[in-house]
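Quick notes on the structure that follows.
The values are calculated or read from the model by the stated rules, or taken from the named source; none is laboratory data. Since we're looking at a predicted model, the values are computed, not measured. We place every Cβ from the backbone using ideal geometry, glycine too, and count neighbours over all the protein chains shown. For accessibility, only protein heavy atoms count, side chains too; no ligands or nucleic acids. Shrake-Rupley method; radii C 1.70, N 1.55, O 1.52, S 1.80 Å.
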Amino acid sequence: MMISLYNAISLLFVVVVLLAVLSIVYASWRNGISPMPSSAIVRYAVSNEINRLEKGGIIVEAGSGWGTLALHVLRHCSCQKLIGIENSPVPLWVSRLSVRLLLSRKSALRGIITFNRGDIYTYSYERADVVLCYLYPGAMERLNLAFNERLKPGARVISVCFALPGWRPERIITCNDLYRTKIYVYRTVGYSGNIHS
């Protein structure tokens, strides 16, 4: 009896892991990239840049993956609200679990951070003061139009590794990591068709 219960639990565990892996593979194929956590050096550079800005306000992470960048920003920056947008179910679940564990220790942060299942290309960015991105060139190309149409004047876009085509960065930070990772900081001037500084 004990052996068959052990075998059933083992089989269930293998099936759950297999389904989780298949879910990540499918979402990665559909998105064109797998969820990749940012390094500690990059996370600190991004949070330092947010702290350098005049206000944190509402921060949206487009493609929040496993939640490592958003959770780091939450711990090291002051902001009114932090919203992670992710469409891959397993990383989204891990992000939400991480928030629950963090909030069980720091109840003062309750209500500030949420991870939502959604499409970064159709998301409404109108209220965002800062948008964080760690994506890939094709995604930045697609977000270009969304940011042009939806970001309010003065909003910032902070992109790890990949530049926004047609936008001129306000700053470029080069991290002191193995890859010399670049972080691009943009500021919007206005809606649709305006030049970006």
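For every residue, the table says whether it meets (1) in contact (Cβ under 8 Å) with a residue 40 or more places away in the chain; (2) crowded, with 21+ Cβ neighbours inside 10 Å; (3) assigned to a loop (DSSP other than H, G, I, E, B).
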| position | (1), (2), (3) |
| --- | --- |
| TRP93 | no, no, no |
| LEU103 | no, no, no |
| ILE120 | yes, yes, yes |
| GLU141 | no, no, no |
| GLU149 | yes, no, no |
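Here's a check for you: in segment 105-118, which residue that is charged (D, E, K, R) and out of contact with any helix residue (DSSP H, G or I) (no Cβ under 8 Å at 6 or more places or on another chain) is least open to solvent (accessible area, probe 1.4 Å)? So, considering only residues that are charged (D, E, K, R) and out of contact with any helix residue (DSSP H, G or I) (no Cβ under 8 Å at 6 or more places or on another chain), the one least open to solvent (accessible area, probe 1.4 Å) is LYS106. The residues on offer are ILE85, ILE59, and the sole one that is hydrophobic (A, V, I, L, M, F, W, C), in contact with a Ser or Thr (Cβ under 8 Å, 6 or more places away or on another chain), open to solvent by less than 50 Å² (accessible area, probe 1.4 Å) and at pLDDT 60 or above is ILE85.
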